[in-house]
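This report concerns only the one structure given below.
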């Protein structure tokens, strides 16, 4: 018989501890982390060397939001079983949330992938780590490698869709590898964002007020009052500059979050345009040739903010590959709530793309050649195809907006082909109503605090990792390795498989300690997957094979079992049976 990491087990001397571990895992799956923590602690008290119990303790703390308490338990599990890929995966999962430990998380995830290339979990973790740093290409490669191993892995499917959409993580300004708390960089970003918002709003309002006062005959007084705006900006700037604090991280933050830099530049340009506008207005007998310049400066001060918002919305709508993302998330949305949410947001992104194509196309057809509107019939095809493929249900707003855009394209094409004014009115009206539906849906989501039809509503799937049961050594295997005279170690060498003699002992935690020939060490460092074979010298009927991961520790090899096989040699006892 055999055991592996999915829970098949033989007769184990630490059965009571393993039973508590199984109970803790069941409680975690039932959404009871407090109770699961108690069960995992009881398992660790009964068998302090049980690394599975420490992994479950870490997982329970993580579910409770106690990352500081989860890390030591995960590190203890790695100490007890250095070759355990679930332990490495558990530690990587928690260290990615600890400031300054990102490099360690990547190292442990890479070791987990090296220890268990046949498992999807390590590749999913490597993909998550790449996705959280904005490396979408590396994340896509890792997720596809995971899906090649386990095609139905929900987390790999959902997060692959995010990588195809070029998803922005919740803190795009923060690099998780920085040894600084993300809350501190978020405060710095907030201060910069507030300053840009205050500056743009102040100069926009002042420009409108001064222009309105000039129409009523109070232009000179309003212009003099306008020179007080820079004086107001000075204390606002000093106040927000003090709140930034982490000035050495500002430049890297702007490099990671270019939209933050665009907002700051827009604010500075708006202030400069307002100051130049005031100076030109104060010049007596200004030549008429400067009137367009004066009006343009006022437009920059007033319309700079809405223009930047429009450019950002357009750029986000055309970022990524939503059709391919839909193909991935549609495979798991029936069983994964995050996938259903991301599918809905992706369909809204497709709708926004279609709308932004139809508006200039129909406007150009009206201005140049009405029959060119016939091309509008083909524009909604990708949107309709994605909607039908996703089989998304439950969002009537999305269905209504999609139908309106299709009606707009068909009616406008008919108007251009037949020259019907009513068809044109119907098409353009449906396009306008579709935008109204989008705005109403966005306002409803904003009011209720729910997921809106925008890119920031996309969520990353983050399922718990590292809860797989450990593989125990049964009493027959322990007895065999304790008394065996000849033990064979099999390992991979660049020239092919090799075998070597070894001397083994079994620890209380179920690890094998081997003393092997020195030429095996370099090969095992390159590929730590080994197999150890021994026979029972007392009964001379049983053989044991342990497949596991070997790690060097001083002058011995520590082997963490991944699979244990027991068998009987053929002989007279079988003939009698």
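Worth pointing out:
- Centre-to-centre, using Cα atoms only, region 456-511 and region 383-429 are separated by 60 Å.
- Counting neighbouring Cβ atoms within 10 Å and putting the fewest first, the residues 395, 522 line up as 522, 395.
- In degrees, nearest ten, helix 154-164 long axis to first principal axis of the chain (Cα): 40 degrees
- Overall, the ratio between the Cα radius of gyration of the chain and 2.2 N^0.38 Å, rounded to two decimals, is 1.32.
- Theoretical FRET efficiency, 1/(1+(r/R0)^6), r = Cβ-Cβ of residue 448 and residue 64, R0 30 Å, to 0.05: 0.65
- On the beta carbon distance between residue 150 and residue 375, with R0 = 35 Å, the FRET formula returns roughly 0.20.
- FRET efficiency for the residue 307 to residue 522 pair, using the beta carbon distance and R₀ = 51 Å, is estimated at 0.25.
- Kirkwood Rh in Å, taken over region 444-492 so that all alpha-carbon pairs contribute: 17.1 Å
- Contour minus Cα-Cα distance for residue 321 and residue 492 (0.36 nm per residue): 57.4 nm
- Normalised by the number of residues in the chain, the average gap of Cα pairs under 8 Å and 6 or more apart makes the relative contact order 15 percent.
- Relative contact order (%) - region 189-267, alpha-carbon pairs under 8 angstrom, separation at least six: 50 percent
- Between the helical axis of 51-63 and the longest alpha-carbon principal axis of the chain there is an angle of about 20 degrees.
- Helices in the chain, meaning DSSP H runs of at least 4 residues, each add -39500 (n - 2.57). Divided by all residues, the mean residue ellipticity at 222 nm is -20500 deg cm²/dmol.
- Over region 9-164, Cα pairs under 8 Å with separation of 6+ residues give a relative contact order of 13 percent.
- Modelled label reach - residue 417, point 7 Å along Cα→Cβ, region 352-390 residues with backbone N closer than 12 Å: 371-378
- Rounded to 10°, Cα long-axis angle of helix 396-418 versus longest principal axis of the chain: 50 degrees
- With both labels modelled 7 Å from their Cα along Cα-to-Cβ, the residue 543 to residue 507 distance reads 2.8 nm.
- Spin-label pair residue 485-residue 166: with each label point 7 Å from Cα along the Cα-Cβ axis, the two points sit 7.0 nm from one another.
- Residue exposure proxy: 535, 216, ordered by other Cβ atoms within 10 angstrom of their Cβ from fewest to most, comes out as 216, 535.
- Taking label positions 7 Å along the Cα-Cβ direction at both residue 141 and residue 227, the computed distance is 6.2 nm, reported to one decimal.
- 20, 543 arranged by Cβ crowding within 10 Å, fewest neighbours leading: 543, 20
None of the figures in this text is laboratory data; all of them are computed from the coordinates on show. Quick caveat, the model's predicted, so the values are computed rather than measured. All Cβ positions, glycine included, derive from the backbone under ideal geometry; neighbour counts span all protein chains shown.
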